[in-house]
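Below is one structure, written out as structure tokens; comments come after it.
FYI, it's all coordinate maths here, none of it is from the lab. None of the values given here were measured: they were computed from a predicted structure. Here the Cβ is made from the backbone with ideal geometry for all residues, glycine too, and neighbour counts use every protein chain on show.
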């Protein structure tokens, strides 16, 4: 019969064996995982042919090239179906090269909250159709990518070309996503001259009623009503180039201030008219003077409420 010592040795060996089964990682998990294939992508934007703000789309003409070794990329664009024309395809000793010229329109959700001082990043995103991030990863060609120096967009200024890579996660897979584009913005000088100057002139005409004697209340009321209607018509015309929005733009918030000032002016004129008709001319003049002094405070308060607070909503 085996001795007690032999039994202890056997039990220890069995314990070590069981521990190795339950606690040591399986051999399969230690197998070597192959690195994903890396594809360098470059872009050269020739022109932005059209920025359609009502439709929230833009059209671009650009060159795109891929430098790869083993996996040839088969890409798809996420917000457009452009035409891709093959320019060149080469098999090189160190890496393969393929280049396309791409033309087409893309959908771009615009944010018009700062209109007419708004700016928009016109971006294009693409992914490989068949290989997720474990098989293929894009790398931006930062040195050779860019935009044509003569590029211009009608009605917009251009700045900030960008190209970068991110991960796009789906419920079951994650893909390498390349995004590139540039920022277009409205010139502040142009916005002031085209959008703000006309309404400033209309407002000044409306405020000229305070320079008219309260006794001529008919003229004052007529000016108030006509300038208010002009402001409404101009407001509608200024926003005609935008799509239907579910929020207020900066221009809307400024116009709310203008409308309130116009209504304030109209109410002052009507109240002055009532006092004059009641024979209280001196009281009407004092009332008008108080309301005129209160006007700057009203404008500041309305600016804080409409422009700042409403802008945070």
Task: Per-residue Cβ neighbour rank within 10 angstrom, fewest leading, 43, 300 - done: 300, 43
Task: Structure-based [θ]222 nm, the chain - -39500 (n - 2.57) summed over DSSP H runs of at least 4, per residue, nearest 500 - done: -11500 deg cm²/dmol
Open item on the list: So, R0 is 51 Å and r is the distance between the beta-carbons of residue 142 and residue 260; what FRET efficiency does that work out to, to 0.05?
Closed with: 0.50
Task: Rounded if a/c under 1.5, otherwise prolate or oblate - the range 37-186, Cα gyration tensor axes - done: prolate
Open item on the list: Within a 10 angstrom radius of the beta carbon, how do 168, 131 rank from fewest other beta carbons to most?
Closed with: 168, 131
Task: Order of 59, 150 under a 10 Å beta carbon neighbour criterion, fewest first - done: 150, 59
Task: Cα-based shape type of the range 189-312, given that a ≥ b ≥ c are square roots of the gyration tensor eigenvalues and the cut on a/c is 1.5 - done: prolate
TODO: Enter the angle in degrees (range 0 to 90, nearest 10) between the Cα long axis of helix 250-277 and the first principal axis of the Cα atoms of the chain, meaning the one along which they spread out most.
DONE: 20 degrees
TODO: Go ahead and run the numbers for FRET between residue 103 and residue 301, Cβ-Cβ distance against an R0 of 45 Å, rounding to 0.05.
DONE: 0.30
Open item on the list: Antiparallel versus total DSSP beta bridges in the range 37-186: what percent is that, nearest 5?
Closed with: 90 percent
Task: Approximate spin-label separation residue 47-residue 167, in nm, with each point projected 7 Å along Cα-to-Cβ - done: 4.1 nm
- [ ] For the chain, just say rounded, prolate or oblate: build the C-alpha gyration tensor, square-root its eigenvalues into a ≥ b ≥ c, call rounded for a/c under 1.5, and beyond that prolate if a/b exceeds b/c, oblate if not.
- [x] oblate
TODO: Mind pulling the angle between the C-alpha long axis of helix 197-207 and the longest principal axis of the chain? Nearest 10 degrees, somewhere in 0 to 90.
DONE: 30 degrees
Task: the range 272-307-the range 196-225 distance, computed between alpha-carbon centres (Å) - done: 13 Å
Open item on the list: Antiparallel versus total DSSP beta bridges in the chain: what percent is that, nearest 5?
Closed with: 90 percent
